[in-house]
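First comes the structure, then the notes that go with it.
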Amino acid sequence: MFGAVEAGGTKFVLAVGHGHDAIVAQTQIPTTTPAETLARAIGWFQQQGAVAALGIASFGPVDLDPASPSWGHVTDTPKAGWSQTNVAARLGDAIGCPVGFDTDVNGAAIGEYLHGAARGCDVAIYVTVGTGIGGGAVIGGHTVKGVRHPEMGHVMLQRHPQDRDFAGACPVHGDCLEGLASGPAIKARWGASLSELPADHVAHDVIADYLAQFCQTLIALYSPQRIIMGGGVMQTSGLLDRVRDKASARAGRYFGVDASTIIMPPGLGTGAGIAGAFALAGRALHGER
Ligand code: ZN
């Protein structure tokens, strides 16, 4: 049996089982302080019986370098109290098993690659649009890590003509993608979530345009066979279709693909992250961090 953790900024999803489609028990706990949250997670796992390995898909930034002394840590995060928290070792040591560790979006990307909408794709990107915007890339079955890991939500875009005045909500870059199209950025200039705004409100066009520009950027950089778009904002009725239409119109045929045919919702719904965490556990059992 494996353990799986989807460690988010607002909640931790915990599961034990033989894989994403053979979950024996699952629960979720709110993300409070590291001490309290990790103690509750450890307590829950200890009640479930022995696990052979644990997989953790975590909010970040995180250290993914296996040679680094801070591998498995959440590093310099704006999330209060969590900077330099050694999530992987604190859970792995207490539970007594090897740990696989990656970002939340890399985990979701692996989950979709193995079991969801990106099955069989050599290059696939998973994007979440919610409280923040992030993306994970799987290439040849491996997630892209590099210096740290991609921070896809912080790319810069052309401003929409009807969205010139908003300075942007990213504390670092202002009007990067996350600063323009995340849930908090939408609320900051229109006072409501996208799904609460009427269907003819300009916000729908503005946000779809930014996400379509982002899809064009991803296609230009990675030539992905799938771009999978999840997260709370993407639950907005009609948004995925608007993004598809705009990406198709913007990108044209230049990239050898109609963008609308590769942009998909998650095949695993909200279960992509925990599916990826199970995959990380399986890899950890074979010595892969
Ligand atoms: Zn930014």
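Screening the candidates Thr32, Thr77, Thr10 for the property of being touching a residue at least 60 places away in the same chain (Cβ under 8 Å) and hydroxyl-bearing (Ser, Thr, Tyr) yields one hit, Thr10. Of all residues in segment 247-271, those satisfying the criterion of being touching a Cys at 6+ places or on another chain (Cβ under 9 Å), at pLDDT 90 or above and not in a loop (DSSP other than H, G, I, E, B) are Ala247, Arg250, Ala259, Ile263.
Restricted to segment 201-257, and to residues there that are of a type in the set (D, E, K, R) and in contact (Cβ under 8 Å) with a residue 12 or more places away in the chain, the residue that is farthest from Thr270 (Cα to Cα) is Arg250. Among the residues in segment 78-96, are any of a type in the set (S, T, N, Q) and within 16 Å of the ligand (Cβ to nearest atom)? No, segment 78-96 contains no residue that is of a type in the set (S, T, N, Q) and within 16 Å of the ligand (Cβ to nearest atom). Looking only at residues that are among the charged types (D, E, K, R) and surrounded by fewer than 19 Cβ atoms within 10 Å (Cβ to Cβ) in segment 1-31, which one is nearest to Ala52 (Cα to Cα)? The residue in question is Asp21.
Can you find a residue in segment 238-249 that is farther than 23 Å from Arg119 by Cα and aliphatic (A, V, I, L, M)?
Yes, segment 238-249 has at least one match.
Could you tell me whether any residue of segment 35-57 is β-branched (Val, Ile, Thr), under 22 Å from Arg148 (Cα atoms), out of contact with any Ser or Thr (no Cβ under 7 Å at 6 or more places or on another chain) and crowded, with 24+ Cβ neighbours inside 10 Å? So far as segment 35-57 goes, yes, one or more of its residues are β-branched (Val, Ile, Thr), under 22 Å from Arg148 (Cα atoms), out of contact with any Ser or Thr (no Cβ under 7 Å at 6 or more places or on another chain) and crowded, with 24+ Cβ neighbours inside 10 Å.
When the residues of segment 180-192 are narrowed to those that are free of Cβ contacts under 8 Å to residues at least 12 places away in the same chain and under 23 Å from Gly230 (Cβ atoms), which ends up farthest from the ligand (Cβ to nearest atom)? Per the stated criteria, the residue is Ala192. Among the strands (runs of 3 or more DSSP E) contained in segment 23-119, which hold 2 or more residues that are farther than 19 Å from Val138 by Cβ? Because the criterion is at least 2 residues that are farther than 19 Å from Val138 by Cβ, the strands (runs of 3 or more DSSP E) in segment 23-119 that meet it are 23-30, 53-58. Checking each residue in segment 129-175 for being away from the ligand (no atom under 16 Å from the Cβ) and among the hydroxyl-bearing types (Ser, Thr, Tyr) picks out only Thr143.
Matching residues to (1) among the acidic types (Asp, Glu); (2) at negative phi; (3) not in a helix (DSSP H, G or I):
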| residue | (1), (2), (3) |
| --- | --- |
| Thr217 | no, yes, no |
| Leu221 | no, yes, no |
| Asp245 | yes, yes, no |
| Gly273 | no, yes, no |
| Gly287 | no, no, yes |
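The values are calculated or read from the model by the stated rules, or taken from the named source; none is laboratory data. Just so it is clear, the model here is predicted, and its values are computed rather than measured. Note that each Cβ is placed from the backbone with ideal geometry, even for glycine, and that neighbours are counted across all protein chains shown.
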